Amino acid sequence: MSEIKKIGVFTSGGDSPGMNAAIRAVVRSALYYNLEVVGIRRGYEGMILGEFIPMDRKSVGNIIQRGGTVLRTARSPEFRTKEGRQEAYKQLKAQNIDALVAIGGDGTFTGAKIFGEEFDFPILGLPGTIDNDLFGTDFTIGYDTSINNVVEAIDRIRDTAESHSRLFVVEVMGRDCGLIALRSGIGVGAESIFIPETKTDMEAVMHRLEIGRQDKMSKILIVAEGEGESGGAMEISEKLKKRFPHYDIRVSILGHIQRGGKPTCMDRVLASRLGVAAVESLMEGRRNEMVGLLNGKIAFTPFDHAIKHHVEINKDLFKIVDILSL
Ligand code: ATP
């Protein structure tokens, strides 16, 4: 018999498409197992300020297809302090909340780990971030939607690039992680990809452009925003302009459109599976772990590992870009 009677669910850090599907899954499965469930607005900030809303079956109706998060999200400097976390604990106790499901990224899980240990409080995390930068899951909730947003936007850029014979340097999100750049780059047939994890040989990129097909009307180079080695999209375009003065070179920074919009079916299914697994696992006594999906199966990774272990870049994918951009 589970000791847990009332679960709190919240989203925290950067929003990602599919967070609503995850909230819905947590709420509906908690109700299915006759648990009470409370939504906490604006992440740890709302927890400290007591922003709780009871959730019922209907409260999560018609949200599976919506981007963003109906519970809203926030960054909470106060939760980083012992006093802030103490206040959050007081608020949870006052509501008789026994356990939490935290939907967010590495910062959210760092907070969850500290809080869970400090107050011996059961928490499970769902990976909700567009970056796909958490160890212990093949995909994070929001990543698939984000790369599809990028691909759709670059397809449009390709049309105009092709019509004017332009080279576009496109900056995509990814401060520390180049997975959005890498996958979407393959998806749009990019000539080159610049990501933070690897040192890009600018000379080799230039050489490839020189020896590459001169009859190719458009060229797309993708740069992850955290790529520092070559100086980011603007600097890369300046270097290219010097070497190829005859090219018409443009920069496009995709920005926040990458995180918005309807979640893809893949993100909705992932969020639904992980949400149900989180509730069932809390009832079984699991805690301080991230619930992810590895090779198609539910997998649990201690918060510590999920945050600190580096997500390896698949070198084969990188090679594919080179091979196919001939
Ligand atoms: P994303 O990857 O999309 O940015 P995230 O979960 O990493 O999402 P952060 O802003 O880094 O987003 O973290 C969310 C919140 O987690 C912070 O605002 C803070 O309240 C809490 N948090 C982060 N690090 C710590 C920490 N060391 N101690 C306590 N709380 C923390």
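The values are calculated or read from the model by the stated rules, or taken from the named source; none is laboratory data. The structure presented is a predicted model; accordingly, all values stated were derived computationally and were not measured. Counting neighbours? That spans all protein chains shown, and the Cβs are built from the backbone with ideal geometry, glycine included. Each accessible area value is taken on the protein alone, full model and side chains, heavy atoms only, with ligands, DNA and RNA left out. Shrake-Rupley method; radii C 1.70, N 1.55, O 1.52, S 1.80 Å.
At a glance:
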{"quantity": "Meets criteria (surrounded by 24 or more Cβ atoms within 10 Å (Cβ to Cβ) and over 24 Å from the mean Cα position of the chain (by Cα)) for A25", "calculated": "no"}
{"quantity": "Matching strands (runs of 3 or more DSSP E) fully within the range 82-172 where at least 1 residues are of a type in the set (D, E) and open to solvent by less than 50 Å² (accessible area, probe 1.4 Å)", "calculated": "166-172"}
{"quantity": "Tally, over the range 24-52, of residues that are away from the ligand (no atom under 16 Å from the Cβ) and either more than 23 Å from G107 (Cβ to Cβ) or part of a helix (DSSP H, G or I) (or both)", "calculated": "14"}
{"quantity": "Whichever residue in the range 54-65 is part of a loop (DSSP other than H, G, I, E, B) and of a type outside the set (V, I, T) and, among such residues, is most open to solvent (accessible area, probe 1.4 Å)", "calculated": "R57"}
{"quantity": "Among the candidates E45, E36, E51, residue that is without any contact (Cβ under 8 Å) to a residue 24 or more places away in the chain and on the phi < 0 side of the Ramachandran plot", "calculated": "E51"}
{"quantity": "Sole exception among (1) closer than 25 Å to M283 by Cβ; (2) within 21 Å of the chain's Cα centre (by Cα); (3) not in a helix (DSSP H, G or I) for G68, by number", "calculated": "(1)"}
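This table checks each residue for (1) closer than 29 Å to I147 by Cβ; (2) out of contact with any helix residue (DSSP H, G or I) (no Cβ under 7 Å at 6 or more places or on another chain).
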residue	(1), (2)
D15	yes, no
S29	yes, no
G46	no, yes
A74	yes, no
P77	no, yes
G84	no, no
Q91	no, no
